[in-house]
Protein chains: 2
Amino acid sequence: MTSSSGPTRRKVLGTAAAGALGVGLASVPTAASAGQRERVRVVILLYDGFTALDAVGPYEALCRVPGVRVVMVGRKAGPVRTDTGQLALTAERAMADVPHADVLLIPGGGNRGTIATMNDSSVLAWVRRIHQHSAWTTSVCTGALVLGSAGLLRGVPATTYWASRPYLAEKFGAVITPGRFVESGKIITAAGVSAGIDMGLHLAARLSDDKVGQAMQLAIEYDPKPPYDTGSPGKADEATKRLALELVADAAV
Amino acid sequence: MTSSSGPTRRKVLGTAAAGALGVGLASVPTAASAGQRERVRVVILLYDGFTALDAVGPYEALCRVPGVRVVMVGRKAGPVRTDTGQLALTAERAMADVPHADVLLIPGGGNRGTIATMNDSSVLAWVRRIHQHSAWTTSVCTGALVLGSAGLLRGVPATTYWASRPYLAEKFGAVITPGRFVESGKIITAAGVSAGIDMGLHLAARLSDDKVGQAMQLAIEYDPKPPYDTGSPGKADEATKRLALELVADAAV
């Protein structure tokens, strides 16, 4: 820990918490922060064809909560490509090496990636195993279909991507329930893509308290002003819905 | 392109655009879509210590806009780690191999990463070079400090992370202006972290039209319902501001 360049660095992020900002410059965690970092493990499953924001929204809301450590996990460790093929995130650990999670999060993906994951018996077995001892088992967007395929949503109030709601109910017996996210016991399912941010901040508070939830909302300056009022199917006309699904399909690899 | 498993795949994302969804299953781009993909190149600079959501929010809003291709660029190609050290994204290309961008986007980062980038003369020279011929030069969060350090914001209406606004004005002569993002000629600067989503959707419309912007907002189901009303400094009390900056600093590596 050094404060030699503290004043300059402090100015960059403002002076409101100058003392605290000095602390943040440590490259080696202190004993206290290292201990804290291992208190709650959030595991996010990355699979070929996942949707980036489904994973990164909750990551950003949770990764600074005291005691929380977010771990990206894949079928194997290494880069995992998203549904559009234009981006890859690194899985830090292989599924087989991660036997436990306090919070499990399954992001959604494009058709190809979601279906492959729904039909992958090793992933489903791992999800069920983690779920047995998790504090929270969660999904964003079509990640709920993976939880459903693992048999975790039968009779459970839940949500998913707007266009996939009928399928989640018919195929896996979930009870579709309105909301940006739906909390049913220890299972929380979020609506499509960006809804993971709302769920992530909710979880941030659940894993600590409202003060931390409020501070994390400010930390990511989440005071949204969407340019349109078409962000949910109830607000969008049929042409917009059709175009949205076409754009998603056309960009998929 | 195959439709052999079309019906199942279509059901996953609903039936509203069943025909279009079949198209999205192609693993080899058609001549038309391949041509479209090269019309507009969005380049996002990844640097050691960047903030993931600053890059991924705009990526998700833009990557499905017809004709747009998002390219993550780093000092060199390969994984680039975020400000918390808990996540890495892959830079697809090295800066030196990318001489042109239609849209340049600089994400923000933690103190260490932002300062290193502000002081990296090769990055600044590259930013200035790209800016000369870009259609749009943009930033999210403290990415504005990099644009400022490159000399692009003197006298320019702009914004940045809430806690960094005084510094951006004092140090680089930007005219701090309210808003989730500020458009000044071809320069657009967004406020902190999640504001990149609002700016991304705005840009999606600028690169196409309102219909596509509206559809992209629905495609990422962006109908936000933040759990608190503390997402901007004007709405948060002093204790929340202090805690937010402490959490950011404590999680930084």
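Below is a table of values for the structure above.
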{"read-out": "Residues (more than 19 Å from residue A:233 (Cα to Cα) and free of Cβ contacts under 8 Å to residues at least 24 places away in the same chain) located in the range B:206-230", "value": "B:209, B:227, B:228, B:229, B:230"}
{"read-out": "Matching entry among A:108, A:113 (being out of contact with any His (no Cβ under 7 Å at 6 or more places or on another chain) and either farther than 15 Å from residue A:75 by Cα or among the polar types (S, T, N, Q) (or both))", "value": "A:108"}
{"read-out": "Filter pass, residue B:248 being touching a strand residue (DSSP E or B) at 6+ places or on another chain (Cβ under 8 Å) and either within 25 Å of residue A:63 (Cβ to Cβ) or more than 7 Å from chain A (Cβ to nearest Cβ) (or both)", "value": "no"}
{"read-out": "The range A:237-253: number of residues that are assigned to a loop (DSSP other than H, G, I, E, B) and in contact (Cβ under 8 Å) with a residue 24 or more places away in the chain", "value": "2"}
{"read-out": "Residue A:243 vs. criteria in contact with a helix residue (DSSP H, G or I) (Cβ under 7 Å, 6 or more places away or on another chain) and closer than 16 Å to residue B:246 by Cβ", "value": "no"}
{"read-out": "Unique match (being more than 7 Å from chain B (Cβ to nearest Cβ), within 19 Å of residue A:160 (Cα to Cα), free of Cβ contacts under 8 Å to residues at least 12 places away in the same chain and of a type outside the set (Val, Ile, Thr)) among A:200, A:196, A:234", "value": "A:234"}
{"read-out": "Residue count for the range B:212-236, restricted to those that are under 20 Å from the mean Cα position of the chain (by Cα) and in a loop (DSSP other than H, G, I, E, B)", "value": "7"}
{"read-out": "Selection count where residues are among the charged types (D, E, K, R) and more than 7 Å from every other protein chain (Cβ to nearest Cβ), scope the range A:203-231", "value": "4"}
{"read-out": "Boolean, residue A:110 is of a type outside the set (Val, Ile, Thr), closer than 18 Å to residue A:56 by Cα and within 18 Å of the chain's Cα centre (by Cα)", "value": "yes"}
{"read-out": "Residue A:153 vs. criteria in a loop (DSSP other than H, G, I, E, B) and either buried (at least 19 other Cβ atoms within 10 Å of the Cβ) or among the acidic types (Asp, Glu) (or both)", "value": "yes"}
{"read-out": "Single residue of A:57, A:35, A:110 found to be at pLDDT 95 or above and farther than 22 Å from residue B:108 by Cα", "value": "A:110"}
{"read-out": "Boolean, residue B:169 is of a type in the set (A, V, I, L, M), over 18 Å from residue A:60 (Cβ atoms), more than 10 Å from chain A (Cβ to nearest Cβ) and assigned to a helix (DSSP H, G or I)", "value": "yes"}
{"read-out": "Listing of strands (runs of 3 or more DSSP E) fully contained in the range B:55-127 that carry 3 or more residues being more than 30 Å from residue B:210 (Cβ to Cβ) and more than 7 Å from chain A (Cβ to nearest Cβ)", "value": "B:78-81"}
{"read-out": "Any chance residue B:179 is within 30 Å of residue A:236 (Cα to Cα) and touching a Cys at 6+ places or on another chain (Cβ under 6 Å)", "value": "no"}
{"read-out": "Selected residue (only one of A:182, A:146 is assigned to a helix (DSSP H, G or I), among the β-branched types (Val, Ile, Thr) and crowded, with 21+ Cβ neighbours inside 10 Å)", "value": "A:146"}
{"read-out": "So residue A:124, is it crowded, with 24+ Cβ neighbours inside 10 Å and over 23 Å from residue A:84 (Cβ atoms)", "value": "no"}
{"read-out": "Complete set of residues in the range B:116-133 that are among the β-branched types (Val, Ile, Thr) and farther than 13 Å from residue B:75 by Cβ", "value": "B:130"}
{"read-out": "Filter result (within 18 Å of the chain's Cα centre (by Cα), among the aliphatic types (A, V, I, L, M) and farther than 23 Å from residue A:231 by Cβ) within the range B:154-200", "value": "B:158, B:187"}
{"read-out": "Residue count, the range B:189-211 (criterion: among the hydrophobic types (A, V, I, L, M, F, W, C) and surrounded by fewer than 23 Cβ atoms within 10 Å (Cβ to Cβ))", "value": "2"}
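The values are calculated or read from the model by the stated rules, or taken from the named source; none is laboratory data. Here the structure is a predicted model, which is why all the values come from computation and not from measurement. In this analysis, Cβ positions are derived from the backbone assuming ideal geometry, glycine residues included, and neighbour counts consider all displayed protein chains.
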